[in-house]
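Note sheet for the following structure.
Nothing in this text is a laboratory measurement; each read-out follows from the coordinates by a stated rule. Quick caveat: nothing in here was measured; it's all calculated off a predicted structure. Positions of Cβ are generated from backbone atoms using ideal geometry, with glycine treated the same way; all protein chains shown enter the neighbour counts.
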Amino acid sequence: MEEKLRILLCEDDENLGMLLREYLQAKGYNTELCPDGEAGYKSFLKNKYDLCVLDVMMPKKDGFTLAQEIRSANSEIPIIFLTAKTLKEDILEGFKIGADDYITKPFSMEELTLRIEAILRRVRGKKNKESNLYKIGRFTFDTQKQLLTIDGKQTKLTTKESELLGLLCAHANEILQRDFALKTIWIDDNYFNARSMDVYITKLRKHLKEDDSIEIINIHGKGYKLITPEVD
C-alpha cells in the first residue's frame with residue numbers, strides 16, 4: 001500500500017484549520033494542523049513532510065518568517081501561502097521567499113486540493129526529469145537551453161516562452177490553471193499580464209505548428225491544455 005503524502009498545515013483560525021485538515025485527510029493526505037508559526041516550525045523539525053500550507057497572518061511567528069526558516073532547513077519542499085491579503089507587495093514577498101503558490105481567502109476546498117495536486121505532480125516530474133528535456137510529439141524541448149527542435153531545426157525561445165512551454169509540458173494533456181501560470185511566471189494575475197500570456201500562447205502555437213498532432217487549446221474560464229501524443 002502506498003504511503004500517504006504528509007502535509008504541514010499552519011492556520012490560526014481554529015474552525016478553518018479543522019475544516020481544512022478534515023477535508024485534506026478525506027482526500028488521502030496525512031495532515032498535521034498547527035495553530036501558530038512556532039508550533040509549525042517545531043512540528044516541521046520533528047516530522048517529514050511533502051508539502052507545507054501556511055497562513056500568512058499567525059501569532060508568535062507569521063507565515064513569511066516560518067517559510068524562511070523552513071526554506072533554510074529544506075530548500076526543496078513546496079510551500080503554499082493562505083492569506084486574506086491581496087496586496088501586490090505581500091504576494092511578491094511570498095514569491096521572493098520561494099512560495100510555490102499563493103491562495104487568497106475565501107477559496108474553495110476544491111481549488112486548494114487542485115493546487116496541491118498540481119504542485120506535487122510538478123515536484124515528482126522534476127525528480128524524474130533530471131535531463132530537463134521534454135518530448136512533445138516530433139519536437140524536443142530543452143528547458144535549460146530554451147531550445148525547441150524538430151527534424152534538426154532549432155528555435156531559440158525567449159525566457160517567457162520557455163517558462164510557459166515548460167509549465168504546459170509539466171501539465172501535458174491536463175489543464176494548466178490560468179491564474180497559477182500567471183502567478184508562477186508573471187507574479188501577478190492582473191488583466192494586463194493575462195493579455196500578455198495570451199500573446200505568448202499565440203507565439204507558442206506558431207512555434208509548434210509544424211507538428212499537427214500538437215495543439216494548445218483554451219479551456220474556458222480555467223486555462224490552457226497542451227494536447228500531445230507523448231511527453232517523456
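Computed from the Cβ-Cβ distance with R0 of 22 Å, the FRET efficiency linking Asn15 to Thr104 stands at 0.75. At an R0 of 45 angstrom, the distance between the Cβ atoms of Thr202 and Lys46 translates into a FRET efficiency of 0.35.
Across region 137-151, in residue order, what do the Karplus-derived ³J(HN,Hα) couplings come to in whole Hz, using 6.51 cos²θ - 1.76 cosθ + 1.60 with θ = phi - 60° and x for Gly and Pro? Working through the residues one at a time gives x, 8, 8, 10, 10, 9, 5, 6, 7, 6, 10, 10, 10, 9, 6 Hz.
Per-peptide packing, taken as the mean over residues of other Cβ atoms within 10 Å, places 7-17, 162-172, 70-80 in the sequence 162-172, 7-17, 70-80 from highest down. Distance cut-off 19 Å, Cα to Cα: go down the list Lys48/Lys105; Lys135/Lys225; Lys96/Lys203 and report the pairs above it. Too far apart for the 19 Å limit: Lys48/Lys105; Lys96/Lys203.
Projecting label points 7 angstrom from Cα along Cα→Cβ for Asn193 and Asp142 puts them 3.0 nm apart. Legend: P(r) of the chain from all alpha carbon pair distances, 10 Å bins from 0, whole percents, reading 7, 31, 33, 21, 8, 1.
Mind running the shape call on region 6-126? Use the C-alpha gyration tensor, a ≥ b ≥ c as the square roots of the eigenvalues: rounded below 1.5 for a/c, prolate if a/b tops b/c, oblate otherwise. Note, shape of region 6-126 comes out rounded. The alpha carbon centroids of region 8-26 and region 30-68 are separated by 12 Å. Comparing region 130-227 with the 2.2 N^0.38 Å rule of thumb, its C-alpha radius of gyration ratio is 1.02 (two decimals).
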